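Peer 1: Before we start, here is the structure in question, set down as C-alpha cells.
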Amino acid sequence: MKVRKAVIVAAGWGTRFLPLTKSQPKEMLPLLNKPLLQYSVEEAIACGVELVVIVSAKGKRSIEDYFDRHFELERMLEHSGQTRLLKEVLLPCDMADICYVRQKEQLGLGHAVLAAKRVIGDEPFILFLPDDLFQQKEKVLQNMITISEQYRGSVLAVQAVSEAEVSRYGIIAPEYVAERVHRIVGLTEKPGAGESPSNLAIMGRYVLSAEVFDALENTPPGRNGEIQLTDALQSLLLHHPVYAYEFAGDRYDTGSLPGWIETMVTFAINDPRIGPGLRERITAILSSSSGMKYPLVDGEQDGNVVMMTERR
Ligand code: UTP
C-alpha cells in the first residue's frame, strides 16, 4: 500500500531547553530562518506524502499559526513590494495538507504516536521525530519506503554509534538481509555497558505499518512511566517483520542545547549567504581573549551551558 501520510510528533515538554520551552515549542526553534519542524514537513513532501499529521499539545499554538495564513503581514509585505519575503511567508501555508491532533497528556513517544491512530487509519505511515535531521546525502526516506514495499514490513532508520553512545539510544539486534538492510530480531532501549546487541542505533525516521497501533495499545507504561515506542516495536516484531536501514550521511540531533547550537553553526557556515562572513567572525572570536561573560544575574556554569540557580 502506498505511503501517503506522515506523523510528526511535536508534543513533548522539551525540558532540555527550559526555561525557553515554557512558552516556545522546541519544535519551533530556528535553524537559520526556518523552524525545525519545517525541515520535517519538507522532507515528508519530498517523498510524496499527501497528508502531514502533527501531534501537538497545550501551549503549542504557534505551530498552527506558523503553517497558517497571516493576512496583515502578507498585506504589509505586498504593499511595501517585498515580494521575495512574501513568497517565503506563504510557503509554509501552501506546502502540504496538515492536520493536528492533540496529545492531551505527555505520556511518552509511544503515546504521542497513538494519538494519530484515527487519522492514519489502516495505512502504513512515516513517523518523524523532528529533533533529528539527516544530511540527505541520499534519499533516506525514499529508500526506506522502497525497502518497506520490497520486504513487506516496517523499516527503521539506523546508524552506527560509538560504544560510549549506545546507552543513549534504542539499539537493534540485527540479522543481515542485504547491503545496509537488516531484519530486526530484538530491540533494547538505552542498554547498559556490555548489554548492547549491536552498535546500530535507531534514529528519528520510521516507516510503520498501522499494526503498530495495536502494539502501542497493548504496551504498558515502561521507563519513566511513559509508553515507549521501542517497547511496542519489540512486541510488533514478534508477528510482523521489521527491518532496519543503515542510511548514509550525517545526522544532526537538535534535541539538546549543545546539539541544536552545533547544528545551527553547521548549517550557517555551509550557507552561501552567510557562511563566508560567519567563518571569519568565528575565527576572530576564537582568537580573541576578551570572552564575553554570562549570566548577568547570579548563576552557575555547567560546562559551556549556563544553568540558572534557584532564586528564592
Ligand atoms: P524527546 O525524547 O526529545 O522529549 O522527544 P521532549 O519532551 O521533546 O524533550 P526533553 O527530553 O524533555 O528535553 C522526541 C520527540 O517526541 C515528541 C517530542 O515533541 C519530540 O519531537 N514527544 C515526546 C511527544 O510528542 N510526546 C511525548 O510525550 C514525548
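The values are calculated or read from the model by the stated rules, or taken from the named source; none is laboratory data. Just so it is clear, the structure is predicted and the values come from calculations on it, not from any experiment. Cβ sites come from the backbone with ideal geometry, for glycine too, and all protein chains shown count toward neighbours. Accessible surface areas use protein heavy atoms only, side chains included; no ligands, DNA or RNA. Shrake-Rupley method; radii C 1.70, N 1.55, O 1.52, S 1.80 Å.
Peer 1: Please count how many residues of the stretch 226-248 are aromatic (Phe, Trp, Tyr) and either open to solvent by 30 Å² or more (accessible area, probe 1.4 Å) or without any contact (Cβ under 8 Å) to a residue 24 or more places away in the chain (or both).
Peer 2: 0
Peer 1: Scan the stretch 45-74 and report the pairs whose first residue is within 30 Å of PRO124 (Cβ to Cβ) and more than 15 Å from the ligand (Cβ to nearest atom) and whose second residue is small (Gly, Ala, Ser) and open to solvent by 20 Å² or more (accessible area, probe 1.4 Å), with Cβ atoms within less than 9 Å and a gap of 6+ or a chain change.
Peer 2: Between residues of the stretch 45-74 that are within 30 Å of PRO124 (Cβ to Cβ) and more than 15 Å from the ligand (Cβ to nearest atom) and residues that are small (Gly, Ala, Ser) and open to solvent by 20 Å² or more (accessible area, probe 1.4 Å), the close pairs are ILE45/ALA96; VAL49/ALA96; GLU50/ALA96; LEU51/ALA96; PHE67/ALA96.
Peer 1: Restricting attention to the stretch 31-44, report how many residues are among the hydrophobic types (A, V, I, L, M, F, W, C) and either near the ligand (Cβ under 10 Å from one of its atoms) or without any contact (Cβ under 8 Å) to a residue 12 or more places away in the chain (or both).
Peer 2: Result for the stretch 31-44: 2.
Peer 1: I've got another one for you. Looking at the stretch 205-220 only, could you name the residues that are more than 24 Å from LEU141 (Cβ to Cβ), in contact (Cβ under 8 Å) with a residue 12 or more places away in the chain and more than 14 Å from the ligand (Cβ to nearest atom)?
Peer 2: Correct list: GLU217, ASN218.
Peer 1: Another question about this same structure. Filter the stretch 78-111 down to the residues that are of a type outside the set (Asp, Glu), away from the ligand (no atom under 16 Å from the Cβ) and surrounded by fewer than 12 Cβ atoms within 10 Å (Cβ to Cβ) and list them by number.
Peer 2: Within the stretch 78-111, HIS79, SER80, GLY81, THR83, ARG84, LYS87 meet the criteria.
Peer 1: Now for a separate question. Identify, from the list ARG223, ARG251, the residue that is within 16 Å of the chain's Cα centre (by Cα), surrounded by fewer than 22 Cβ atoms within 10 Å (Cβ to Cβ) and within 16 Å of the ligand (Cβ to nearest atom).
Peer 2: It is ARG251.
Peer 1: What are the pairs with Cβ atoms under 6 angstrom where one residue, in the stretch 12-30, is more than 16 Å from ASP65 (Cβ to Cβ) and more than 6 Å from the ligand (Cβ to nearest atom) and the other, located anywhere, is in a helix (DSSP H, G or I) and at pLDDT 95 or above? Sequence gap at least six, or different chains.
Peer 2: PHE17/LYS26
Peer 1: Here is a follow-up. Look through the stretch 22-59, keep the residues that are under 23 Å from ILE261 (Cβ atoms) and more than 16 Å from the chain's Cα centre (by Cα), and return whichever of them is most open to solvent (accessible area, probe 1.4 Å).
Peer 2: Across the stretch 22-59, the extreme among qualifying residues is LYS22.
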